[in-house]
There are 2 protein chains.
Amino acid sequence: MRIERLAIIGLGLLGGSIGLAVKARVPEIATRGWDQNPDVRARAAARGLVDEVCETAEAAVAGADLVILCVPVGAMGEAARAIRAGLGPQAIISDVGSSKQAVAAALAEALPGFRIVPAHPVAGTEQSGPDAGFATLFAGRWCILTPSEDADEAAIEAVAGFWTALGSRVERMDAAHHDLVLAVTSHIPHLIAYTIVGTASDLEEVTQSEVIKYSAGGFRDFTRIAASDPVMWRDVFLTNRTAVLEMLGRFVEDLTALQRAIRSGDGETLFNLFTRTRAIRRAVIEQGQDDSRPDFGREH
Amino acid sequence: MRIERLAIIGLGLLGGSIGLAVKARVPEIATRGWDQNPDVRARAAARGLVDEVCETAEAAVAGADLVILCVPVGAMGEAARAIRAGLGPQAIISDVGSSKQAVAAALAEALPGFRIVPAHPVAGTEQSGPDAGFATLFAGRWCILTPSEDADEAAIEAVAGFWTALGSRVERMDAAHHDLVLAVTSHIPHLIAYTIVGTASDLEEVTQSEVIKYSAGGFRDFTRIAASDPVMWRDVFLTNRTAVLEMLGRFVEDLTALQRAIRSGDGETLFNLFTRTRAIRRAVIEQGQDDSRPDFGREH
């Protein structure tokens, strides 16, 4: 099964980057796209994110072998219903959502009988919209497929092959396990970043101007993550609630232990943790998951 | 009062960067340095971090107009005692410590009668040691001076002029206020990063290998901060205990409110916060405190 015609629904950072990556790496695949926002459609056409920007979702998916839904996870059901009438029997439906159990349920309900292979490329930046995408976003990053147990093996292979062609490494995982893993590696980090940026901007004793001026001490890193798309992240937390609350509980327990260590002057506990965490950073860099330059290669 | 002879005590990231910045921007200042670790002294000499690496702290400070202590804040008192016998009456003593009330007290106790101007350049990377320093570390960053109320005005001006010459912007602040501001913009962000990296590496349901593979979802940013020097950070938390615990309390309150919003499915609260935090990011970039490129300019 080869992908020859791709439809991208939603032309923001992820959808746009998929279109540009296909153009750069597998130009033999014909691409169509649609976005519910007319301004986004116009920008997508101007940037050439896909070969053809269509005026309706149905038109975009007509004849497509692979349809990728690149909308916030809370909008997946609606997007699936919008394309249903246009889908041919050959179509494989996939997505890029950050929580997978909720998306699988929404797609299964909206598109009974279709071949569905949910996917999550673990890649992104803090920017969003049709001007944010770029062709190399997925290179060297992992894409996690979470097909159901009875999913069509040929369809899974086709989606895996597609992401490999874009430069990603592909892994298969149970959707529930995915949601737990990503709660730790992505959702809780975002929740914490949003929280501390909110806390800092609400203080009375310290002005916002001071917070911004002295942000190079560490805070500025959190402001980047906390600049991520609000709708996307609202939906992630609402749809991956159980795993997020579970992992948040663990985090708060550990934070409470450190709080106690600080209060009691227990330097050894602090030193031991701070030494242990260095090893994780080394592994992240060794496995090509971050820039090895100091400070992410920021300009100084 | 002009600085003609500078002594740097501690030749790690900060001390080394000061030496290299002086060489690049104010080469007319003669520099001497010392570090208690002989291996660090050897690397410092090989890299030319200062004009002369001395064998004792006393020798390094002999004849210096300005001595900058670049050691962990918990070691400031010891470093001050080690230089005391070598200091001339003209010497101004400064430092680069991240918590200022504790350092001011330690220096005042160890060096009664000397002119002391505590300072905190808000700059750094996750790397440490004599190979980590570079000449542009302080360019465009803020350096906060926290002199006591009875400090010598000429000495304060001399230190301010020195940091300006290295490319920094200089601000004066009360030491207690500094410690509160930096608790928010630096200390709590580090504490949170260390905690979540620890939490993630201790899970049983999610393997360390998974945490590392899928770290590009946000977690990897935290691993960078959590790779910072363990001794330095242990000392920061032990010496700025009151402000850190106060700010940690605010953060936990806010986190609890978000936890409740997620549990109850209150998308509006989440959306409102996630929208508000974007403005802070814009201000950080507009004020030149972070790289404006997506993802800090990381290579994709």
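Throughout, read-outs are computed from the coordinates displayed, never taken from laboratory work. Not measured: the values here are computed from a predicted model. Please note: Cβ atoms are built from the backbone with ideal geometry, for glycine as well, and neighbour counts cover all protein chains shown.
Summary table
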| item | result |
| --- | --- |
| Surrounding net charge for A:V117, when Lys and Arg each add one and Asp and Glu each subtract one, Cβ distance under 13 Å | -4 |
| Principal axis dimensions, the protein assembly as shown - Cα atoms, whole angstrom, descending | 88, 44, 39 |
| Listed residues A:Q287, B:M232, A:V73: farthest to the positive end of the dipole of the protein assembly as shown (Cβ charges) | A:Q287 |
| The stretch A:1-65 - convex hull of alpha carbons, volume per residue in Å³ | 70 Å³ |
| Sorted largest first, extent of the stretch A:45-145 alpha carbons per principal axis (Å) | 34, 31, 22 |
| Of B:T164, B:T195, B:T136, the one that fluctuates the most in a GNM where chain B has Cα springs shorter than 10 Å | B:T195 |
| Under the Debye formula (equal points on every Cα, no solvent term), log10 I(q)/I(0) of the stretch A:5-173 at q = 0.09, 0.11 Å⁻¹ | -0.24, -0.37 |
| Cut-off under 5 Å, modelled amide H: who pairs with B:R115 long-range | B:I93 |
| Rounded to 5, the percent of DSSP beta bridges in chain A classed as antiparallel | 10 percent |
| Over chain A, equivalent-ellipsoid semi-axes from the Cα gyration tensor in Å | 37, 21, 19 |
| Rounded to 5, the percent of DSSP beta bridges in the protein assembly as shown classed as antiparallel | 10 percent |
| Gaussian network model of chain B, Cα within-10 Å springs - most flexible of B:R224, B:R278, B:R250 | B:R278 |
| Residue among B:I93, B:I192, B:I18 with the largest mean-square fluctuation in a Gaussian network model of chain B, springs linking Cα atoms under 10 Å | B:I192 |
| Vicinal HN-Hα couplings computed from phi for the stretch A:184-201 (Karplus, 6.51 cos²θ - 1.76 cosθ + 1.60; Hz; Gly/Pro x) | 6, 8, 9, 6, 5, x, 5, 4, 5, 5, 4, 5, 5, 5, x, 4, 5, 7 |
| Cβ-placed point charges (K, R +1; D, E -1), dipole of the stretch A:5-173 about Cα centre in debye, nearest 20 | 320 debye |
| Pairs of Cα atoms farther than 17 Å apart, the stretch A:211-252, % | 54 percent |
| Positive-end extreme of charge dipole, the protein assembly as shown - chosen from B:L20, A:H187, A:T275 (charges on Cβ) | B:L20 |
| Estimated dipole of the stretch B:186-267 in Debye, rounded to 20 [Cβ of Lys and Arg +1, of Asp and Glu -1, Cα centre] | 140 debye |
| Kirkwood hydrodynamic radius over Cα pairs of the stretch A:145-261, then Stokes diffusion coefficient at 10 °C and 1.306 mPa s, in µm²/s | 93 µm²/s |
| GluC sites (Glu not before Pro) within the stretch A:159-234: DSSP coil, no more than 14 neighbouring Cβ in 10 Å | A:E204, A:E205 |
| Of all DSSP beta bridges in the stretch A:5-173, antiparallel share, percent nearest 5 | 10 percent |
